[in-house]
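Derivation of every value follows stated rules applied to the coordinates shown; laboratory data play no part. It should be emphasised that the depicted structure is a prediction, and the values quoted were computed from it without experimental measurement. Using ideal geometry, Cβ is built from the backbone for each residue, glycine included, and neighbour counts are taken over all protein chains shown.
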Amino acid sequence: MARVNLTAGRIAEYVCEAGKSQSFLWDSKSPCLAVRATQNGAKAYVCQAKLHGKDIRITLGSTDVWTIQDAREAANRFKVSVDQGIDPRAVAAKAKSVAQAEAAVRQARLVTARIAWEAYLKAPHPKWGKTHRRDHELAAQEGGQPPKRGKALTKPGPLAGLLAMPLHEITASVVGAWLKKESGSRATAAGNSLRKLRTFIAWCAEHPVYRTAVHPDCATAKAVAEIAPPKRTKSEDALQKDQLAAWFEQVRGISNPVFSAYLQGLLLTGARRTEWQLLKWADVDFDGRKMTIRDKVEGKRVIPLTPYLASVLKGLPRFNDYVFSSTSSEGGFVIGVSKPHAQACKDADLRHVSLHGLRRSFATLSEWLEIPVGVVAQIQGHKPSAIAEKHYKRRPVDLLRMYHERLEAWMLREARVTWSPSEVRTPEMRPGARKKRVVAERSDALAEQH
């Protein structure tokens, strides 16, 4: 391998040998340095030496950019590393990796939490339902948007302030300050939002980009846990026997008869709020004393129509196909029931019970009559738990009715509710009732939305 003293003139004159894809002009002053020329006329400095008996080579750069002196100094450093058993290629790769990681960290620090949140919502969540996803959207909404009804703009969700910050600035102290502020005006919403935030932060901590910016303990630190609003237990979110009288008195007194019927039906059937909300008149068989309602497990299920509930439903106006109809809602069925129910609980001097808590109350109260668990599960649409229930027992609706009517009669006695079918009047027959109902629906729906 011939060597020459590399000079600017020799480098300029050097061309790739004919018939070869590349050829080398080796330097006499730095043994591992050469100029590589290719058939397309490109020239670059390269370093080559043996490491552990094998030739290794790196490219320094174009001869138009590197000076001869800089190339020789780099070649000497290359040779020193090889003589020490160090592979300069590995060193360069490591340096590149570190540089890329540092660049990724700098880039991640520019990301706002909302950008990460939007990516989080778009990620696969197989167990999320529509309601659960909607809860996330409401908790994070920025506010200031025109509502579907009314004129007042929507309010920011509890998480809106946090999500406007850079992700790397959300620390435990920041979350603590946020939680104190939100808990002062909406403790339940703040607690629910904190749980959503914790799941979101855990997702970010495993994300290839956001994990470099997030503080994994910002929502779980002791300082945050100590001030978190306590989560209500399931036993608290249910009516007890001694509360039935006060609850029925206030709910039956709600001015909107559809709201009143809807709430009583949730308690007396143990149905899910949405499947009860979408009940249609075609699904109600007054002569056969049964109803067919939607079921998220089986698609639909048939349950008894008990005497008192039947009389309540018969008294409802029929504006459209829905039993709990609305003339103001887009879907045609009643919405915004949570607010009047919360007010009824307050007027009854009861701890607030959610709409799902009424479903839970049905199962809880059934234990006073020792009604078989399988009967309650079949009426409510729960999956059978035991093998015998799952594979052998599917009770006819007449058998369910025997237990269901006993439970309704017992609830009404405990609530001191006396009634007869002749007492039930269609609310629309009262002067001005329809107009009052529409105004109440719109007012309650607007309040529920905000």
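Checking the conditions here, which among Ser81, Ser28 is in contact with a helix residue (DSSP H, G or I) (Cβ under 6 Å, 6 or more places away or on another chain), without any contact (Cβ under 8 Å) to a residue 40 or more places away in the chain and of a type in the set (S, T, N, Q)?
Numbers: Ser28 fails: in contact with a helix residue (DSSP H, G or I) (Cβ under 6 Å, 6 or more places away or on another chain).
The conditions single out Ser81.
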Turns out the helices (runs of 4 or more DSSP H) fully within segment 135-254 with at least 3 residues that are closer than 30 Å to Glu367 by Cβ are 187-205, 244-252
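Table: residues versus (1) of a type in the set (Val, Ile, Thr); (2) surrounded by 14 or more Cβ atoms within 10 Å (Cβ to Cβ); (3) within 22 Å of the chain's Cα centre (by Cα); (4) on the phi < 0 side of the Ramachandran plot.
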| position | (1), (2), (3), (4) |
| --- | --- |
| Val174 | yes, yes, yes, yes |
| Ser183 | no, yes, yes, yes |
| Lys196 | no, yes, yes, yes |
| Ala246 | no, yes, no, yes |
| Ser255 | no, no, no, yes |
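Residue-by-condition table, conditions (1) assigned to a strand (DSSP E or B); (2) of a type in the set (A, V, I, L, M):
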position: Arg10; (1), (2): no, no
position: Lys20; (1), (2): no, no
position: Leu25; (1), (2): yes, yes
position: Pro31; (1), (2): no, no
position: Cys47; (1), (2): yes, no
position: Thr59; (1), (2): yes, no
position: Val80; (1), (2): no, yes
Would you confirm whether or not segment 55-72 contains a residue that is surrounded by fewer than 17 Cβ atoms within 10 Å (Cβ to Cβ), over 60 Å from the mean Cα position of the chain (by Cα) and farther than 30 Å from Thr212 by Cβ? yes
Are any residues in segment 238-262 under 15 Å from Gly315 (Cα atoms) and out of contact with any Lys or Arg (no Cβ under 8 Å at 6 or more places or on another chain), and if so, which ones? Arg252, Gly253, Ile254, Phe259, Ala261, Tyr262
